[in-house]
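**Q** Dropping the structure in here first, questions after.
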Amino acid sequence: MDARGNPLDYSVPVLSDSIVLIADKATGTSGLAHDNDQLRLLPNPVRGQVTVETGDRKIRELIVSDAVGSIKWRSGQKAALPLSFSTANWPSGLYIVQARTDEGVLEKKLTVP
């Protein structure tokens, strides 16, 4: 109640410029963080064809996601090496490349200028 005895209305809408993101899926690089140099993206930055190298690790699957986690490109299971894909029609930005191997997941950032 205010000073005059009127009830106060606190149901005023709250305006905010904040965005809340809830992750419903986690990805991990457990045990392989020090091995990320095994994953090479050539060239990087790239505008066009990119080649993926993983040293002696065999790629089971390669997934490329944009900055918000939407999958932009995915290889088939047991992808043959050398593995390459085109970024020719992709918007400029930062992408995450995940190479799933028998030993775990290798992850690198890919820049499309």
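**Q** Counting only residues that are in contact with a Leu (Cβ under 8 Å, 6 or more places away or on another chain) and either of a type in the set (D, E, K, R) or exposed (fewer than 13 other Cβ atoms within 10 Å of the Cβ) (or both), how many does the stretch 67-112 have?
**A** 8
**Q** If you check Leu94 against the conditions, is it in contact with a helix residue (DSSP H, G or I) (Cβ under 8 Å, 6 or more places away or on another chain) and either assigned to a strand (DSSP E or B) or touching a residue at least 24 places away in the same chain (Cβ under 8 Å) (or both)?
**A** On the way: in contact with a helix residue (DSSP H, G or I) (Cβ under 8 Å, 6 or more places away or on another chain): no; either assigned to a strand (DSSP E or B) or touching a residue at least 24 places away in the same chain (Cβ under 8 Å) (or both): yes.
Taking the combined requirement at face value, the residue does not satisfy it.
**Q** Here's another thing I want to ask about it. Tell me yes or no: at least one residue of the stretch 42-49 is part of a strand (DSSP E or B), at pLDDT 90 or above and surrounded by 14 or more Cβ atoms within 10 Å (Cβ to Cβ).
**A** no
**Q** Give the stretch 68-82 a look and list any residue that's at pLDDT 90 or above, of a type in the set (A, V, I, L, M) and either part of a loop (DSSP other than H, G, I, E, B) or within 18 Å of Asn36 (Cα to Cα) (or both), or say none.
**A** Across the stretch 68-82, the qualifying residue is only Val68.
**Q** Still on this model: Is at least one residue of the stretch 44-64 closer than 14 Å to Val112 by Cα, free of Cβ contacts under 8 Å to residues at least 60 places away in the same chain and under 17 Å from the mean Cα position of the chain (by Cα)?
**A** So far as the stretch 44-64 goes, yes, one or more of its residues are closer than 14 Å to Val112 by Cα, free of Cβ contacts under 8 Å to residues at least 60 places away in the same chain and under 17 Å from the mean Cα position of the chain (by Cα).
**Q** Is the stretch 3-15 home to any residue that is over 14 Å from Leu106 (Cβ atoms), modelled with pLDDT of 90 or more, β-branched (Val, Ile, Thr) and assigned to a loop (DSSP other than H, G, I, E, B)?
**A** no
The values are calculated or read from the model by the stated rules, or taken from the named source; none is laboratory data. As the structure is a prediction and not an experimental result, all values here were calculated from the model. Cβ atoms come from the backbone with ideal geometry, glycine included; neighbour counts cover every protein chain shown.
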